[in-house]
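Colleague: What follows is a single structure, and I will ask about it in a moment.
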Amino acid sequence: MKSILLLHGPNLNLLGTREPAVYGSLTLDEINVRIQTAGKEAGLEVRCLQSNHEGALIDALHDARNWADGVIFNPGGYTHTSVALRDAISAIGIPVVEVHLSNVYAREEFRHTSLISAVCKGKISGFGWHSYWLGLMALKEILGD
Ligand code: DQA
């Protein structure tokens, strides 16, 4: 069975109460369970991790080299600022799909720039929790059944 890391960046632990009009009303745990269930149905094991710390996210990406076949990654605000996360994605050599709950292009201009998109397989933005589901389906295709 192929294994997937579902990695969430800063402030996503507050989902459910954080700006629900922008990010939806599901909690992070509820999203994780939905993606793990969809993963099981698709023959993929999904392990979930969230951190508010850039270094911990980098460590998680490095560790993923040892066990994961692909990564679904919502880097939160670090999307727009982190050269270090971009370098980590380049370094690990496994496919990473960038995911955002909100449509970043319909929001403030600073959210239109992603430092990580160019080193990801692709990017999904604007479909609420389904963005993660679409990311899972994309990885399933990339990894082959
Ligand atoms: C986000 C979009 C980012 O701009 C923001 O900083 C987040 C969440 C999203 O999922 O829509 O924290 O990545």
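Computed from the coordinates by the stated procedures, all read-outs in this text should not be read as laboratory data. Owing to the predicted nature of the structure, the values given are computational and were not obtained by experimental measurement. All Cβ positions, glycine included, derive from the backbone under ideal geometry; neighbour counts span all protein chains shown.
Colleague: Sequence gap at least 6, Cα distance under 8 Å: using those rules, report the relative contact order of the range 40-145 to the nearest whole percent.
Modeller: 27
Colleague: Enter the Cα centre distance for the pair the range 41-93 and the range 109-129, rounded to the nearest angstrom.
Modeller: 14
Colleague: To continue, here is another question. May I ask you to derive the FRET efficiency for Ser3 and Ser25 from their Cβ-Cβ distance with R0 = 41 Å, giving the value to the nearest 0.05?
Modeller: Step by step, r from the Cβ atoms, then E = 0.90.
Colleague: Shifting gears a bit: What does the net charge come to around Tyr105 if you take all other residues with beta carbon closer than 12 Å to its beta carbon, with K and R at +1 and D and E at -1?
Modeller: Counting the neighbours of Tyr105, the net charge comes to +1.
Colleague: Then there's this: In nm, to one decimal, how far is the Leu49 label point from the Thr81 one, both placed 7 Å along Cα→Cβ?
Modeller: About 2.1 nm, to one decimal.
Colleague: Just how large is the dipole of the chain about the Cα centre, in debye to the nearest 20, putting +1 at every Lys and Arg Cβ and -1 at every Asp and Glu Cβ?
Modeller: My answer is approximately 140 debye.
Colleague: Stokes-Einstein D for the range 82-137 at 25 °C, 0.890 mPa s, Kirkwood Rh over Cα pairs, in µm²/s?
Modeller: After rounding, the answer is 208 µm²/s.
Colleague: Then there is this: Along the charge dipole of the chain, Cβ charges K/R +1 and D/E -1, which of Ser51, Ala88, Met137 sits furthest on the positive end?
Modeller: So the residue we want is Met137.
Colleague: Let me ask something else about it. Across all directions of projection, what mean area in square nanometres is found for the Cα convex hull of the chain?
Modeller: Dividing the Cα hull surface by four gives the mean projection, 7.5 nm².
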